[in-house]
Amino acid sequence: MSHTRLDLAKAASLDCAELPEQLAIPVVNHPVHFNVRPPGSKSLTNRALLLAALASGTSTLRGALVEADDAKVMVAALRQLGAEISVSTDELGLATVRVVGSAGQWKLAPGQSVTLNLNNAGTATRFLTAASL
């Protein structure tokens with residue numbers, strides 16, 4: 001099986017159908033700053049929220065689908081775990097979410113436990129189960 005070498009900047013501009021089956025990803029040994037623009041999706045929004053909450057520093061998510069019930073319970077749960085999250089909406093109704101991450105450590109006092117009410121949010125339940133251990 002051969003790997004196709006492709007400049008990542010070029011890859012970012014390609015349509016998914018134009019990407020090779022396998023793409024070699026270089027090892028990066030320094031902080032990475034990038035923009036990702038996924039389509040509006042509660043599942044992708046929840047993934048992005050969790051990654052931002054676990055990251056170091058402040059992440060900004062634009063166009064997140066925060067009005068979905070699944071995203072609302074994810075935001076509430078991440079706040080309970082110590083992530084600082086603010087949501088604003090522009091004149092077109094597009095959401096911008098700012099998340100101050102926990103650098104991989106939830107902000108709970110030693111011995112403190114929380115109960116997360118995730119309703120029927122499947123993505124939130126699956127990912128927070130793993131991320132909360």
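The values are calculated or read from the model by the stated rules, or taken from the named source; none is laboratory data. These figures come from a predicted structure and were not determined experimentally. Here the Cβ positions follow ideal geometry from the backbone for every residue, glycine too, while neighbour counts run over all protein chains shown. Please note that ligands, DNA and RNA were not included when accessible areas were found on the heavy atoms of the full protein model with its side chains. Shrake-Rupley method; radii C 1.70, N 1.55, O 1.52, S 1.80 Å.
Of all the accessible heavy-atom surface of the chain, with the other protein chains kept in place and a 1.4 Å probe, what percent is carbon and sulfur?
Numbers: 4980 of 9220 Å².
C and S fraction of accessible area: 54 percent.
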Using only Cα atoms, tell me the angle between helix 69-80 and the longest principal axis of the chain; keep it within 0 to 90° and round to the nearest 10. 70
Can you give me the long-range amide H partners of Ala64? Hydrogens built in the peptide plane at 1.01 Å from N, cutoff under 5 Å, separation of 5 or more residues or another chain. Ala95, Val97
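Just the number, please: Stokes-Einstein D of region 17-133 in µm²/s, Kirkwood Rh from C-alpha pairs, 20 °C, 1.002 mPa s. Provide the component values of the computation, followed by the final result.
Numbers: Rh = 15.4 Å.
Calculated translational D: 139 µm²/s.
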Across the chain, where is the longest run that never hits GluC sites (Glu not before Pro) in a DSSP loop with at most 13 other C-beta atoms within 10 Å? 22-90
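Can you compute the helix-only [θ] at 222 nm over the chain? Use -39500 (n - 2.57) per DSSP H run of at least 4 residues, normalise by all residues, nearest 500 deg cm²/dmol. Walk me through the intermediate numbers first.
Working: 4 runs with 41 residues, N = 133.
Helix contribution divided over all residues of the chain: -9000 deg cm²/dmol.
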Give me the angle, in degrees from 0 to 90, between the Cα long axis of helix 122-131 and the longest principal axis of the Cα atoms of the chain, rounded to the nearest 10. 90
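For region 56-125, what number results from the quotient of the Cα radius of gyration and 2.2 N^0.38 Å?
Normalised Rg, Cα atoms only: 1.18.
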Please compute the per residue accessible area over the chain with all protein chains in place, 1.4 Å probe, rounded to a whole number of Å². 69
So for the chain: antiparallel DSSP bridges make up what percent, rounded to the nearest 5? 90
In Å and from the alpha-carbon atoms only, list the Rg and Dmax of region 76-117. 13.2, 44
So the angle from the long Cα axis of helix 42-54 to the longest Cα principal axis of the chain, reported in degrees to the nearest 10, equals 80
Placing +1 at every Lys and Arg Cβ and -1 at every Asp and Glu Cβ, with all other atoms neutral, what dipole size does the chain have around its Cα centre, in debye to the nearest 20? 340
